[in-house]
Amino acid sequence: MNRITASICGMTALLILGTGTVEAEDTRLPVTRAKEGFPLAEARNLEGRSTVASLLKGEDEALYWTTHVANSMPTAILPRVLPTKMLERNIEPGVGRVKAETFLGELELEEFLVDSRSFAQGIVVVHKGEVVYEKYPGMRPEQSHLWASNAKPLSSLLIDLLIDEGLIDQEQTFGHYVPDFRGTAWENIRIIDILDMTPGLDTEEDSQTRQDPDSIAIRTFLAEFNEPYARAGRVETLREILKDARKTREPGTSFDYGSPVTQALVLLTEEVTQKKWADSFQEKVWSRMYVEGSLQVHLAPDGTAAVHGLVSSRLRDMARFGLLYTPSWSQVAQEQIVTPQILDRIRDGVRGEDFYLAGYDGPIFTRRLNDRIMGNSRQWDAIFEDGDFFKGGLMGQGLYVSPDRDLVIAFFSTSIEGGDLTSYMRPLAKSGLFPSAGTSSFPEPEASTQVVPVLDEPLHVVKHRGENFLVYTNWIEPGVQTLYHEHRNDLLAVIAIDTTAESQAQGSQPREQSAPAGTLVFFPYAEEATPYVHRVGVGAHSDGPFINIGLEFQDSQKLDCSGEVAEWTEPLAEASTANRRGQGYQLTLPPGTEIDLPEGGRGLLFVPLGPASLTVDAEKWPVKVGDFRFDEKQLPQRLGNTGASAATLVVFEAC
């Protein structure tokens with residue numbers, strides 16, 4: 001191995017995850033240079049000097065490289081699809097006065113940010129969907145910056161979405177899904193043990209493996225940076241490197257943090273979806289978000305997405321990713337991407353404080369966050385007693401999420417001291433500025449009297465807009481309420497899960513109502529002289545969200561068409577409700593069953609009451625909680641259940 005390649009080995013291990021620290025000289029360019037822009041000659045010089053060895057030092061080359069990664073690596077660009085929805089600003093000056101113990105001593109956040117030695121580049125604090133604090137001492141808001149290991153939860157979110165779709169079982173093994181890894185040490189490792197960084201393999205990154213040019217971690221990084229592995233005399237592929245991993249202990253018995261483990265999740269996603277990882281993330285996540293810019297997914301020479309750490313975006317867009325895990329998700333996405341079930345898996349999946357501290361990185365993360373940590377989970381570094389969680393990355397990147405406080409903190413840095421902004425996360429969360437949600441979804445009943453049309457209300461997400469019908473969904477988390485909104489058209493509401501919610505007509509007191517999954521309620525709003533105005537919410541200590549499918553009838557002149565709907569004589573369907581707009585049924589389909597659908601009416605609404613594997617006219621329909629299907633004009637004729645268990649649905653024949 002030549003001198004340059006050897007230096008690359010040592011650097012790359014720390015570059016992508018890097019929990020070590022390196023002393024900086026006092027001759028660094030000021031962090032403001034990244035904000036002001038690099039003059040042409042300086043930019044060319046830094047690009048020419050940006051070897052992995054120089055980046056390890058975290059000096060001028062790193063300051064340039066973290067905002068210019070796409071200049072030197074193949075990159076998949078995931079473009080913004082939906083219109084940008086800017087986050088409202090409601091600045092809270094007290095955020096900047098929160099103190100923490102840092103490598104510079106005890107400082108207020110504001111003091112730390114303006115200290116040139118911190119090399120903090122940007123921080124944004126978002127509470128209840130509003131920006132309450134935002135500073136950019138070392139970058140411009142529109143610049144894309146390296147996420148480093150903050151990117152790892154991107155991989156786990158895609159796996160969780162595939163779990164919700166019934167395509168992955170976390171108790172199944174890697175070899176079950178990825179055939180070419182059968183016969184390797186990965187074959188019998190459960191997916192949950194890969195998600196939680198407990199594979200029992202020699203893929204861990206620690207002080208020893210980071211200095212070993214033959215370790216799986218170092219070989220992975222060399223391949224990604226198009227550098228040859230000395231023993232092979234060529235650039236390896238990720239697949240062949242991972243297949244060389246060896247078992248060191250029983251899976252699930254030790255927290256062994258390693259970026260190669262995240263890359264196994266990338267291969268798993270691609271095998272199950274038969275799509276490139278970046279395409280799947282674009283389809284299922286990024287294209288459904290109201291982001292400001294693109295997501296840059298940097299690639300190894302063989303095209304594999306380096307999701308363990310080589311991802312770049314604007315700071316606010318990284319914060320938007322964090323907001324997917326909070327009650328304010330509707331401010332950043334057109335639909336709820338992170339379901340309550342996914343959130344529960346993260347928070348309930350920890351393996352205990354003792355288990356965590358017995359691993360190499362558990363004590364390191366605990367020292368940096370300076371608070372008790374219950375464990376890691378699903379690629380997140382730290383899950384706290386109060387349910388908050390955190391992910392950190394090399395050179396001072398961080399993403400903190402508090403679902404109960406409806407709080408997200410995101411930051412970028414080019415720090416080499418190991419202290420960075422991480423030490424402010426728990427003091428900020430516990431400062432009292434961001435209390436957890438109260439017991440009622442309406443703690444101040446008349447705090448807001450703004451009334452909006454129902455289609456302008458953010459938690460009413462339109463999913464179907466046709467000639468005669470409109471369908472929207474509500475997914476309202478505990479502690480969240482809608483705005484006051486008005487209804488003018490007839491409405492059929494279908495409750496998708498057992499729920500307890502509060503409804504408050506304007507000028508009245510809230511009323512709590514409970515309903516089982518499958519409840520159909522018809523509201524004849526079209527016959528009212530004035531619009532009906534109310535808001536809906538869920539108490540903070542409720543067991544789950546309010547999930548509703550709303551079918552709105554647009555033709556107000558045709559108020560009674562029930563005579564146009566023929567009775568459905570299917571023995572498995574039980575009539576549940578009839579109204580002037582049609583007939584509802586509850587249907588239970590045993591596994592392997594296929595039936596004829598009703599032929600009358602102008603529309604058919606299907607609302608499954610749980611996950612299922614269905615077919616509609618032979619078209620596959622993998623169902624997760626909250627899904628629905630509505631057809632009008634050309635109605636389907638057959639419905640089947642290809643799953644292993646019975647499927648229960650609400651079917652409404654609309655006229």
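Read-outs: derived from the displayed coordinates by stated rules, not from any lab. Every value quoted in this text rests on a predicted model; they were computed, and no experiment measured them. Here Cβ is always computed from backbone atoms with ideal geometry, including for glycine, and neighbour counts include all displayed protein chains.
Roughly how compact is the range 33-126, stated as its Cα Rg over 2.2 N^0.38 Å to two decimals?
Rounded to two decimals, the normalised Rg is 1.41.
Quote to one decimal, in nm, the extra length available between Thr500 and Leu40 on full extension: 0.36 nm per residue of separation minus the C-alpha distance between them.
Here the segment from Thr500 to Leu40 would lengthen by 159.5 nm.
Just to confirm the filter: which GluC sites (Glu not before Pro) across the range 182-219 are DSSP coil and have at most 14 other Cβ within 10 angstrom of their Cβ?
Filter output for the range 182-219: Glu187.
Relative contact order for the range 523-655: what is it in percent, counting Cα pairs under 8 Å that are at least 6 residues apart?
For the range 523-655, the relative contact order is 27 percent.
DSSP H helices in the chain with Cα extent of 15 Å or more along the helix axis and mean Kyte-Doolittle hydropathy at least 0.5?
Counting only whole DSSP H runs, the qualifying helices are 3-16, 152-164, 259-273.
Before anything else, pin down the relative contact order of the range 131-194: Cα pairs under 8 Å, at least 6 apart, normalised by residue count, whole percent.
Relative contact order for the range 131-194 comes out at 22 percent.
Given a Förster distance of 25 angstrom, what is the FRET efficiency for Asp279 paired with Thr84, based on the Cβ-Cβ distance and rounded to 0.05?
0.70
List, in order, the whole-Hz ³J(HN,Hα) value for each residue of the range 642-653 obtained from phi through the Karplus relation with A = 6.51, B = -1.76, C = 1.60 and θ = phi - 60°; use x for Gly and Pro.
9, x, 8, 9, 5, 10, 10, 9, 9, 10, 10, 8
In sequence order, what are the phi-derived ³J(HN,Hα) couplings for the range 380-385 according to the Karplus relation 6.51 cos²θ - 1.76 cosθ + 1.60 with θ = phi - 60°, rounded to whole Hz, with x for glycine and proline?
8, 5, 8, 10, 9, 4
With no solvent and one equal point scatterer placed on each C-alpha of the range 213-261, evaluate the Debye formula and give log10 I(q)/I(0) for q = 0.16 Å⁻¹, two decimals.
With no solvent term, the Cα-only Debye profile gives -0.46.
Quick one: Karplus J couplings for the range 454-461, per residue in order, coefficients 6.51, -1.76, 1.60, θ = phi - 60°, nearest Hz, x for Gly and Pro?
4, 6, 9, 7, x, 8, 9, 9
In the range 539-641, which chymotrypsin sites (Phe, Trp or Tyr not before Pro) are in a loop and have at most 11 other Cβ atoms within 10 Å, using DSSP for the loop call?
Of the chymotrypsin sites (Phe, Trp or Tyr not before Pro), not one in the loops of the range 539-641 has a Cβ with at most 11 other Cβ atoms within 10 Å.
Would you mind putting 476-487, 516-527, 644-655 in packing order, based on average other-beta-carbon counts within 10 Å, highest first?
Descending packing order for the listed peptides: 476-487, 644-655, 516-527.
How do 134-144, 225-235, 258-268 rank on mean C-beta neighbours within 10 Å, highest first?
In descending order of packing, they fall as 258-268, 134-144, 225-235.
How would you rank 398-409, 450-461, highest first, on the average number of other Cβ atoms within 10 Å across their residues?
398-409, 450-461
For volume of the Cα convex hull per residue in Å³, one of (1) 145; (2) 222; (3) 154 was computed from the structure I shared and the rest are decoys. Which label?
Label of the calculated value: (3).
Using the Cα centre as the reference, give the magnitude of the dipole from point charges on the C-beta atoms of the chain (Lys, Arg: +1; Asp, Glu: -1; all else neutral), rounded to the nearest 20 debye.
1300
Taking 8 Å as the Cα distance limit and 6 or more residues as the minimum spacing, I'd like the relative contact order of the range 579-641 as a percentage.
Averaging sequence separation for qualifying contacts and normalising by length gives 42 percent for the range 579-641.
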